[in-house]
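As structure tokens, the structure follows; a few thoughts come after it.
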There are 6 protein chains.
Amino acid sequence: MTKTLILLIAPILVVSVAATAGADAADHHARGMATLDIIVGGDVQRRLDSLTDIAPELGTWIADFAYGDVVSRPGLDLRTRELATVAALTALGNAQPQLKAHINGALNAGCTPTEVIEVIMQMAVYAGFPASLNGISAAREVFAERNITVENAAK
Amino acid sequence: MTKTLILLIAPILVVSVAATAGADAADHHARGMATLDIIVGGDVQRRLDSLTDIAPELGTWIADFAYGDVVSRPGLDLRTRELATVAALTALGNAQPQLKAHINGALNAGCTPTEVIEVIMQMAVYAGFPASLNGISAAREVFAERNITVENAAK
Amino acid sequence: MTKTLILLIAPILVVSVAATAGADAADHHARGMATLDIIVGGDVQRRLDSLTDIAPELGTWIADFAYGDVVSRPGLDLRTRELATVAALTALGNAQPQLKAHINGALNAGCTPTEVIEVIMQMAVYAGFPASLNGISAAREVFAERNITVENAAK
Amino acid sequence: MTKTLILLIAPILVVSVAATAGADAADHHARGMATLDIIVGGDVQRRLDSLTDIAPELGTWIADFAYGDVVSRPGLDLRTRELATVAALTALGNAQPQLKAHINGALNAGCTPTEVIEVIMQMAVYAGFPASLNGISAAREVFAERNITVENAAK
Amino acid sequence: MTKTLILLIAPILVVSVAATAGADAADHHARGMATLDIIVGGDVQRRLDSLTDIAPELGTWIADFAYGDVVSRPGLDLRTRELATVAALTALGNAQPQLKAHINGALNAGCTPTEVIEVIMQMAVYAGFPASLNGISAAREVFAERNITVENAAK
Amino acid sequence: MTKTLILLIAPILVVSVAATAGADAADHHARGMATLDIIVGGDVQRRLDSLTDIAPELGTWIADFAYGDVVSRPGLDLRTRELATVAALTALGNAQPQLKAHINGALNAGCTPTEVIEVIMQMAVYAGFPASLNGISAAREVFAERNITVENAAK
């Protein structure tokens, strides 16, 4: 039942992001913070600050450029963007904290646990089984933190 | 007008792949060849043979395991799967022939040129500008071969 | 003259493995589980399940495809296959849990600690000293768990 | 019983290599050039010079350190060392010229075409199909240069 | 004698970039284009356009963010920044066109050919000999285009 | 004021390393240990032994080849060499212990915290934000161990 709800909400979510992006193309900081707010699930400024404390401009670039200029763009919905990021970070296999953050981000953006798992499993083909298994480990930790049970995830 | 058509066809495409997958779960070879036929755009056996001539079982694994077992799975539509693969191969940056094949695959599966470009641009954030620029080079070659003009692609 | 000797011995080694593999070429699941049993050292199903709990088909693919279809093949003995895997995972440097598993796997398949260490040291040439040092860290942990002393290992 | 046989044969193989290496442990340059002569198949100095013309010490390091100190070591035979290198370079996927050189090197060191192909195919499991396919492309070029036919290679 | 000249010029170059950066912190586009003009050696807009024709915003991001926000920053001189980039791209080994561009960029920013070669050679230690050799290949091509002879480079 | 002091000391440091390198080109072990002594900040032999206990020749290669032959070379000062190494290891993203060691090494060689942070931030452009963020994490740990405060670092 919950899952049906997510499927209904997802298209609305996409449209709303595209609308925001189009409404005020100049203000990339506000747009970046809004997109980050969806992905991170709130408390954005504090989390950014804790990551980039000794390099504060890096936090600015993440908000303004990475999420304000790039990830907020229309042309591709946020759910697919997050799945693409999960795919890339699983394949690279060298950024486990960011992979966990984007598994959370994909779920926060409206992806189902199944979609996340499918993308990670698929990476076994393109980046090998070790990369895929370490992606599954990251998902296991995120799912546990969110009380997503195995039955909900793999079905 | 063509683009609208693609958007209408895409959901149907997804459903039909899922149906095939469910209809005959045992026959992973036939399912893999059917999925490859969509991605490659026909002539699958000859292309597989030319890639794996000196390692024929590798061709079998690609058909049966990679596309029959993994990429044909329900739970995620083929369009998103191909975009995830484009993301991963752009980020890895060490498999240019396969990246070109999957840019073609994404388009063959019903993705728009814009969606492909958006995924590749997004990789600038997660894998750096060189990876993204080399992904754009791959897309440029594929688009030229398919007579996709810049105006159609980036708008 | 030494080289001629090696060439004569090598086919015997290969053939003996091929005979085992050829005995039941059809059953890739059974074959994969048997190969995994050597590499993992028993308790295969439970270990696979714990790795792939939220993605059970991934466990099936590892058993049937990765170890049933690929690693069980004749043409190369299991000891050399495990050393090749240790080489690759040391060089990639982004899959430490799997590297530890295959250092164990190499030892379980009959490789000496020296052979494992030599392969990891050699990666300093092809993937740099950091990759090699992190491979040595993985070996140190595995050797400690198996009570392999430094004297046994490096001599 | 098969395994016992392998363990008995292995030390002989190692010792024969160790004898050569031990004959003149001090002279790592001569030892490196001798090992390179086997791998490269003659004409070593000219080839090294053409690779490292604008960085001549790099050529010295390759001869003295990489092949004199590391690859010439006893403890692992040259055939297995070359297969380990082919595995690593196939998995890394970013050093195609060196991969070709070491496919040649493996064959020059006495590996069969089948063994080389098996190692490259196996990398599909640990580094993904694109890496393995690009390794096969490298092998195809080398085999063509050496007039190794498909029948000889894959059988 | 030429080298002494370069050492004298270098500090001035550094200061001038820092001054530009400080003078108008808001205008990151102008600053990015000015820094790119030094690195690329003129004709920036046309070159950017040819790289990002099907993804024009990518060109904007390179000018405004990559070179306007990041590479133009004070705190590290442009020569060292370019050497750091040459180091990273040599080590990654998967972005040969960009590596060539930044070998040119390092020379344009005032680095000596020797400094460029030293950084590339050093990567043999941290990323392995294949990465370093492919970096040398890139440098050889750039040096040939600029008529830098071997004697000037390696001495 | 501290920064001015460092800038004055740096050239002296460079010259002294070059002098040692030229004084006794044959003795690469002594030269390597001397360079490592600067980078590691003393206690070199014990640290090397703890890293390479089960592969002691690896420790010899690090001292004699990596630091004696390569990193001690004239043609590039040690400060820039360490920044290049920090750049490469941040970009590769798969050798966190060595990245921490070389952040320490850069500081020990006379780099300012700002220079280290600038190089790591710059990698966001060439290797993506996850690589840069994980580099910042490594720097944060090193800075904490050395009681370098945020104010000192980022200003």
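Kindly give the distances from residue B:149 to its copy-mates, label point to label point, with each label point 7 Å from Cα along Cα→Cβ, as nm values to one decimal ordered shortest first.
For residue B:149, the inter-copy label distances come out at 5.2, 5.2, 5.7, 6.2, 7.9 nm.
First select every other residue whose beta carbon is under 12 angstrom from the beta carbon of residue F:61; then total the charges, Lys and Arg +1, Asp and Glu -1.
So the environment of residue F:61 carries a net charge of -4.
Name the residues of region A:98-144 whose accessible area, probed at 1.4 Å, falls by at least 50 Å² once all protein chains are in place instead of their chain on its own?
Listed by number, the residues meeting the 50 Å² cut-off are A:98, A:118, A:121, A:122, A:125, A:126, A:129, A:130, A:133, A:134, A:140.
Karplus couplings for region F:82-94 from phi (6.51 cos²θ - 1.76 cosθ + 1.60, θ = phi - 60°), rounded to Hz, Gly and Pro as x?
5, 5, 5, 5, 4, 4, 5, 6, 5, 5, 5, x, 10
Which value, in Å², gives the accessible area per residue of region E:23-73 when a 1.4 Å probe is used on the protein heavy atoms? Don't skip to the end; give the middle numbers.
Values: 2030 Å² over 51 residues.
Per residue, region E:23-73 has 40 Å² of solvent-accessible surface.
Just how far, in whole angstrom, is region D:81-112 from region B:73-111 if you go by their alpha carbon centroids?
Each part's Cα centre sits 28 Å from the other's.
Accessible area per residue for region F:78-155 in Å², computed with a 1.4 Å probe and the full protein assembly in place, what is it?
25
Separation between the residue B:27 and residue D:60 pseudo-spin-labels, each 7 Å from Cα along Cα→Cβ, expressed in nm?
Output for this residue pair reads 6.8 nm.
What net charge is computed for the residues neighbouring residue A:44, neighbours being all others with C-beta under 14 Å from the C-beta of residue A:44, Lys and Arg scored +1, Asp and Glu -1?
Taking every other residue near residue A:44 into account, the sum is -1.
Chains A and B: what accessible area do they bury, summed, in square angstrom to the nearest 100, with a 1.4 Å probe?
2600
What are the residues whose amide H is under 5 Å from the amide H of residue F:72, where those residues sit 5 or more places off or on another chain and H is modelled from the backbone?
Sorted by chain and number, the residues that satisfy this come to none at all.
I want the local charge near residue D:32. Using Cβ-Cβ distances under 10 Å, sum +1 for each Lys or Arg and -1 for each Asp or Glu among the other residues.
-3
Taking a label point 7 Å from Cα toward Cβ, how far is residue F:56 from its twins in the other copies, in nm, shortest first?
3.6, 5.3, 5.3, 5.3, 6.7
Rounded to the nearest 0.05, what FRET efficiency do residue C:45 and residue B:37 give with R0 = 25 Å and r taken as the Cβ-Cβ distance? Could you check?
0.10
Give the carbon-plus-sulfur fraction of the accessible surface of region F:78-155 in %, rounded to a whole number; probe 1.4 Å, heavy atoms of protein chains only.
So the carbon and sulfur contribution to the accessible surface is 52 percent.
If you plug each phi of region B:43-48 into the Karplus form 6.51 cos²θ - 1.76 cosθ + 1.60 with θ = phi - 60°, what whole-Hz ³J(HN,Hα) values come out, in order, with x for Gly and Pro?
In residue order, the calculated couplings are 6, 4, 4, 5, 5, 4 Hz.
Cross-link list C:100/E:100; B:100/E:100; D:100/F:100; B:100/D:100: which exceed 26 angstrom alpha carbon to alpha carbon?
C:100/E:100; D:100/F:100
With all protein chains present, how much of the accessible area of region D:23-73 (probe radius 1.4 Å) comes from carbon and sulfur, to the nearest whole percent?
55
Each residue of region B:56-68 in turn: what ³J(HN,Hα) in whole Hz from Karplus with 6.51, -1.76, 1.60 and θ = phi - 60°, glycine and Pro shown as x?
Values, residue by residue: x, 5, 4, x, 4, 5, 4, 5, 7, 7, 4, 9, x Hz.
Which far-off residues, 5 or more places away or on another chain, put their amide H under 5 Å from the one on residue A:128, with H placed in the peptide plane?
Sorted by chain and number, the residues that satisfy this are D:128, D:129.
The values are calculated or read from the model by the stated rules, or taken from the named source; none is laboratory data. Everything numeric in this text was worked out from a predicted model, so none of it was measured. Cβ: placed from backbone, ideal geometry, glycine included. Neighbour counts: every protein chain shown. Keep in mind that these areas ignore ligands, DNA and RNA; they rest on the heavy atoms of the full protein, side chains included. Shrake-Rupley method; radii C 1.70, N 1.55, O 1.52, S 1.80 Å.
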